[in-house]
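Visitor: The structure that follows is given in the form of structure tokens.
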Amino acid sequence: MKQAPPYVPGHQLLAGKSVLITAAAGAGIGYSAARRSAEEGCRALMISDVHARRLEEAVERLKAETGLQAIYGQVCNVTIEDEVQALVAAAEEALGGVDVLINNAGLGGQKRVMDMSDEEWLRVLDVTLTGTFRMTRAMLPHMQRRGAGAIVNNASVLGWRAQKEQAHYAAAKAGVMAFTRCSALEAAEFGVRINAVSPSIALHDFLKKASSEELLASLAGREAFGRAAEVWEVANVMMFLASDYASYMVGEVLSVSSQQA
């Protein structure tokens with residue numbers, strides 16, 4: 001099955017909920033999650049990104065594609081605490097409280113360990129792992145005060161599986177998995193659910209720029225379906241975890257992959 005299945009229509013999984021998504025401009029999983037949130041009936045949506053123009057364009061495109069007009073954008077670099085706090089504060093005000101947070105921001109790359117600088121290592125961990133921590137830390141007091149909320153983190157099968165030239169990214173994503181499990185136990189005491197998705201390979205423009213065609217073709221060829229996932233196939237699982245259908249799921253990491261981790 002090398003051809004992607006038909007696009008799945010919305011089923012009102014997020015009816016009445018508000019959603020905040022990081023790194024959601026462009027054409028990747030974050031943007032697809034934003035579109036799916038609107039299609040699943042969310043009442044209001046805020047997306048963030050580090051690129052102001054791309055963010056503005058994404059907001060307008062989402063409004064046009066989904067018909068939802070309560071969509072807002074806020075520039076945020078998840079490595080800067082002041083910007084994280086400002087994003088959460090803006091979302092709380094604009095959305096009338098955040099019901100769902102999707103931590104999508106992440107940074108990858110290819111580099112062998114012996115050639116990797118401290119700066120390259122730390123940059124990937126700061127965006128991918130510590131950024132997820134900062135956003136969760138800023139969001140939890142609001143959700144815990146209301147006694148409800150869902151946080152969905154974006155991990156990777158590389159958190160389980162080895163791959164050359166991915167030590168920094170794999171370490172960061174393994175950290176996201178462990179952080180998801182531990183923080184989920186703390187949040188559950190207050191009625192807040194934290195879970196994660198773990199994609200294998202989902203093709204989008206940014207990934208194509210960051211990785212060679214040979215590598216992407218090789219990775220896609222290992223999948224049981226003989227193809228990479230569509231970004232919306234990953235976003236669909238995010239929608240499930242964000243919805244009330246996942247009400248008893250705490251600290252889980254769901255593999256969105258057609259091969260064993």
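Coordinate-derived values only; no laboratory data. Just so it is clear, the structure is predicted and the values come from calculations on it, not from any experiment. Cβ atoms come from the backbone with ideal geometry, glycine included; neighbour counts cover every protein chain shown.
Visitor: Please tell me which of these pairs span more than 32 angstrom C-alpha to C-alpha: LYS63/LYS164; LYS63/LYS111; LYS17/LYS164; LYS2/LYS111?
Guide: Among LYS63/LYS164; LYS63/LYS111; LYS17/LYS164; LYS2/LYS111, the Cα-Cα distance tops 32 Å for LYS63/LYS164; LYS63/LYS111; LYS17/LYS164.
Visitor: Okay, moving on. At 222 nm, what helix-only mean residue ellipticity would the chain give, in deg cm²/dmol to the nearest 500, using -39500 (n - 2.57) for each DSSP H run of four or more? Each step should come with its number before you reach the end.
Guide: Details: 9 runs with 115 residues, N = 261.
After summing the helix terms and dividing by the residues of the chain, the value is -14000 deg cm²/dmol.
Visitor: So, one more: What is the angle, in °, between the Cα long axis of helix 231-242 and the longest principal axis of the Cα atoms in the chain? Nearest 10 is fine, range 0 to 90.
Guide: 40
Visitor: May I ask you to evaluate 6.51 cos²θ - 1.76 cosθ + 1.60, the Karplus curve with θ = phi - 60°, for each residue of region 146-152 and list the ³J(HN,Hα) values in order in whole Hz, giving x for glycine and proline?
Guide: Per-residue couplings from phi come out as 7, x, 6, x, 9, 10, 10 Hz.
Visitor: Along Cα→Cβ, 7 Å out, is where each label goes; now give me the distance between the ones at ALA224 and GLN69 in nm to one decimal.
Guide: The answer from the label model is 4.5 nm.
Visitor: Within 10 Å of each residue's Cβ, count the other Cβ atoms and sort LEU219, LEU20 from fewest upward.
Guide: LEU219, LEU20
Visitor: Springs between alpha-carbon pairs under 10 angstrom, Gaussian network model over the chain: which of VAL78, VAL124, VAL113 fluctuates most?
Guide: Maximum among the listed residues: VAL113.
Visitor: Expressed as an acute angle from 0 to 90° and rounded to the nearest 10, what is the orientation of the C-alpha long axis of helix 167-188 relative to the principal long axis of the chain?
Guide: The helix 167-188 is inclined about 30 degrees to the chain.
Visitor: Rounded, prolate or oblate: pick one for region 1-143, where a ≥ b ≥ c are the square roots of the eigenvalues of its C-alpha gyration tensor, a/c under 1.5 means rounded, and failing that, prolate if a/b is larger than b/c, else oblate.
Guide: Taking the square roots of the gyration eigenvalues as a ≥ b ≥ c, region 1-143 is oblate.
Visitor: Further question: 5 Å is the cut-off here: which amide hydrogens, built 1.01 Å from N in the peptide plane, fall below it relative to TYR72, excluding neighbours closer than 5 in sequence?
Guide: Result for TYR72 returns LEU45, MET46, ILE47.
Visitor: Another one. What is the dipole size for region 18-256, taken about its Cα centre, with +1 at each Lys and Arg Cβ and -1 at each Asp and Glu Cβ, in debye to the nearest 20?
Guide: Roughly 360 debye, rounded to the nearest 20.
Visitor: Taking amide H atoms as placed 1.01 Å from N in the peptide plane, list the residues 5 or more away in sequence, or in a different chain, whose amide H sits under 5 Å from that of LEU101.
Guide: So LEU101 has HN proximity to LEU20, ALA150, ILE151, VAL152.
Visitor: To continue, here is another question. May I ask for the angle, rounded to the nearest 10°, between helix 29-39 and the longest principal axis of the chain, with both axes built from Cα atoms and the value confined to 0 to 90°?
Guide: Orientation of helix 29-39: about 40 degrees from the principal axis.
Visitor: Quick one: grab the alpha carbon gyration tensor of the chain, order the square roots of its eigenvalues as a ≥ b ≥ c, and give me rounded if a/c is under 1.5, else prolate or oblate depending on whether a/b is larger than b/c.
Guide: It comes out rounded by the Cα gyration axes.
Visitor: Reported to two decimal places, what Rg/Rh ratio describes region 89-181 when computed on Cα atoms with Rh from the Kirkwood expression?
Guide: Over the Cα atoms of region 89-181, Rg/Rh equals 1.07.
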